[in-house]
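Enquirer: Sending over a structure as structure tokens; questions will come in a sec.
The values are calculated or read from the model by the stated rules, or taken from the named source; none is laboratory data. Since we're looking at a predicted model, the values are computed, not measured. Positions of Cβ are generated from backbone atoms using ideal geometry, with glycine treated the same way; all protein chains shown enter the neighbour counts. The area values use the complete protein model at the heavy-atom level, side chains included, leaving out ligands, DNA and RNA. Shrake-Rupley method; radii C 1.70, N 1.55, O 1.52, S 1.80 Å.
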Amino acid sequence: QVQLVESGGGVVRAGGSLRLSCAASGATFSQHAFGWFRQAAGTEREFVSAIGWSTGTTEYANHAQGRFTISKDDLKNMVYLQMNSLKPADAGVYYCALLILGTWADANDYAYWGQGTQVTVSS
């Protein structure tokens, strides 16, 4: 059974940084991709970034480009999201998700989700 567990959220001031982690278990991920999504209260889940497990290819939403960096550790089955220059608009629950097949930026295509980790950015 695939399990995704996020950690690393917290409260940070605008301009600060956080590093989110996603621990993945329960499967071999060589053919898959991992994505990070976020959801603020009253809004739909929004794509942030994704990474291909075997290729290391990355994709970023416009709002994340240049400030966020997604990475992975193959040996530890970990996926990370380094977030710099955080803004109040970046606040929300951040989710790690596993894509089996589909479009990286489409939340509907992801098969497994973690429970999320809260990010709060104060101005």
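Enquirer: Among the trypsin sites (Lys or Arg not before Pro) within region 14-123, which fall in a DSSP loop and have no more than 15 other Cβ atoms within 10 Å of their own Cβ?
Expert: Passing sites in region 14-123 are 67, 76.
Enquirer: Of the heavy-atom accessible surface of the chain (probe 1.4 angstrom), what whole percent is carbon and sulfur?
Expert: That fraction is 47 percent.
Enquirer: Still on this structure: So for the pair residue 108, residue 58, with labels modelled 7 Å out along Cα→Cβ, what separation do we get in nm?
Expert: 2.9 nm
Enquirer: In whole angstrom, and with the biggest value first, how far do the Cα coordinates of region 21-69 range along each principal axis?
Expert: In descending order, the Cα extents are 34, 24, 16 Å.
Enquirer: Additional query: Just flag the GluC sites (Glu not before Pro) in region 1-98 sitting in loop per DSSP whose Cβ has no more than 15 other Cβ atoms within 10 Å. Please list the in-between numbers first.
Expert: Numbers: sites: 6, 44, 46, 59; in loops: 44.
Passing sites in region 1-98 are 44.
Enquirer: Let me ask something else. With the other protein chains left in place, how much accessible area per residue, in square angstrom, belongs to the chain at a 1.4 angstrom probe?
Expert: Accessible surface, normalised per residue, equals 50 Å².
Enquirer: Determine the percent antiparallel among the DSSP beta bridges restricted to the chain, to the nearest 5. Walk me through the numbers on the way to the answer.
Expert: Numbers: 39 of 43 bridges.
Of all bridge pairs located within the chain, approximately 90 percent are antiparallel.
Enquirer: Can you compute the label reach from residue 19? Point 7 Å from Cα along the Cβ direction, backbone N cut-off under 19 Å, restricted to region 39-77.
Expert: Residues 49-51, 66-77 qualify, since their backbone N sits under 19 Å from the label point.
Enquirer: Tell me, what is the FRET efficiency for residue 1 and residue 31 to the nearest 0.05, using R0 = 25 angstrom and their Cβ-Cβ distance as r?
Expert: Values: r = 18 Å, r/R0 = 0.72.
Once the sixth-power term is evaluated, E becomes 0.90.
Enquirer: While we're on this one: Over the C-alpha atoms of the chain, what are the Rg and the largest Cα-to-Cα span, Dmax, in Å?
Expert: 13.3, 41
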